[in-house]
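The values are calculated or read from the model by the stated rules, or taken from the named source; none is laboratory data. Being a predicted model, the structure only gives us computed values, none of them experimental. Virtual Cβ from ideal backbone geometry, glycine too; neighbours counted across all protein chains shown. What goes into the accessible areas is simple: the full protein's heavy atoms, side chains included, and nothing from ligands, DNA or RNA. Shrake-Rupley method; radii C 1.70, N 1.55, O 1.52, S 1.80 Å.
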Amino acid sequence: MPTTVSSAPPVPQNRRRRPAGEVVLGVDTHRDAHVGAVLSVMGEVLAAGEFPATAAGYRDLLKWAGKWGAVRRAGVEGTGTYGASLSRYLLAQGVDVFDVNWIDRADRRRRGKSDPLDAQNAARAVLSGRARARAKAGDGPVQIARMYKLTKASAVKARTQCL
């Protein structure tokens, strides 16, 4: 019986399969763009990407990370500054968000500095349990008091400028 040769190219064997379980998202935040990295629960880097720091960018980031598995935890650098809006969005979507401090300078010098590496380190901090501080939701009595204080300070400043 003769053998037939297929004209289709062979399927590459090194193609990564989508994990069936949970993945952890790490995000290095900046003013205009955020860099995300997706890691498996075993610490394998699955993907890294850059997204705009806008509402549409946050949706795209979470949708992209969800392609690799279920995103239940995320480590975000700067949840009180550039990552505040992203943190609130992720919390609203049911993701546990942890505030990740920057790695120490000695470690950064040894391993190098790049945004994808920082995003990976944020995810690794969540995996290892080093990142324990939960991101603030931005609502509740403390946020209300903060809004009153900001409004009062703005009114005092405007009055002073008028005089």
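Considering only the range 58-68, how many residues are surrounded by 19 or more Cβ atoms within 10 Å (Cβ to Cβ) and without any contact (Cβ under 8 Å) to a residue 24 or more places away in the chain?
Count: 0.
Do the conditions hold for V71, that is, is it within 14 Å of A123 (Cβ to Cβ), open to solvent by less than 50 Å² (accessible area, probe 1.4 Å) and touching a Leu at 6+ places or on another chain (Cβ under 6 Å)?
Details: within 14 Å of A123 (Cβ to Cβ): yes; open to solvent by less than 50 Å² (accessible area, probe 1.4 Å): yes; touching a Leu at 6+ places or on another chain (Cβ under 6 Å): yes.
Spelling it out, V71 is indeed within 14 Å of A123 (Cβ to Cβ), open to solvent by less than 50 Å² (accessible area, probe 1.4 Å) and touching a Leu at 6+ places or on another chain (Cβ under 6 Å).
If the requirement is being out of contact with any Phe, Trp or Tyr (no Cβ under 7 Å at 6 or more places or on another chain), modelled with pLDDT of 80 or more and open to solvent by 50 Å² or more (accessible area, probe 1.4 Å), which of these qualifies: V142, V156?
Working: V142 fails: modelled with pLDDT of 80 or more.
Of V142, V156, the one residue that is out of contact with any Phe, Trp or Tyr (no Cβ under 7 Å at 6 or more places or on another chain), modelled with pLDDT of 80 or more and open to solvent by 50 Å² or more (accessible area, probe 1.4 Å) is V156.
Does the range 40-57 contain at least one residue that is surrounded by 24 or more Cβ atoms within 10 Å (Cβ to Cβ) and not in a loop (DSSP other than H, G, I, E, B)? Please lay out each step first, then the result.
Residues of the range 40-57 that are surrounded by 24 or more Cβ atoms within 10 Å (Cβ to Cβ), as a first pass: none.
For the range 40-57, residues surrounded by 24 or more Cβ atoms within 10 Å (Cβ to Cβ) and not in a loop (DSSP other than H, G, I, E, B): absent.
When the residues of the range 69-98 are filtered to those that are touching a Ser or Thr at 6+ places or on another chain (Cβ under 8 Å) and outside any strand (DSSP E or B), which remaining residue is modelled with the lowest pLDDT?
T79
Those residues that are open to solvent by less than 60 Å² (accessible area, probe 1.4 Å) and closer than 18 Å to D115 by Cβ, I need them from the range 74-84; list them, please. It would help to see each step written out before you state the result.
To start, the set of residues in the range 74-84 that are open to solvent by less than 60 Å² (accessible area, probe 1.4 Å) comprises 74-79, 83-84.
Once the filter is applied, which keeps residues that are open to solvent by less than 60 Å² (accessible area, probe 1.4 Å) and closer than 18 Å to D115 by Cβ, the range 74-84 yields A74, G75, V76, E77, G78, T79, G83.
Need pairs with beta-carbon distance below 7 Å; first residue of a type in the set (G, A, S) and within the range 30-46, second assigned to a loop (DSSP other than H, G, I, E, B); sequence gap 6+ or separate chains.
A33/A53; S40/P19
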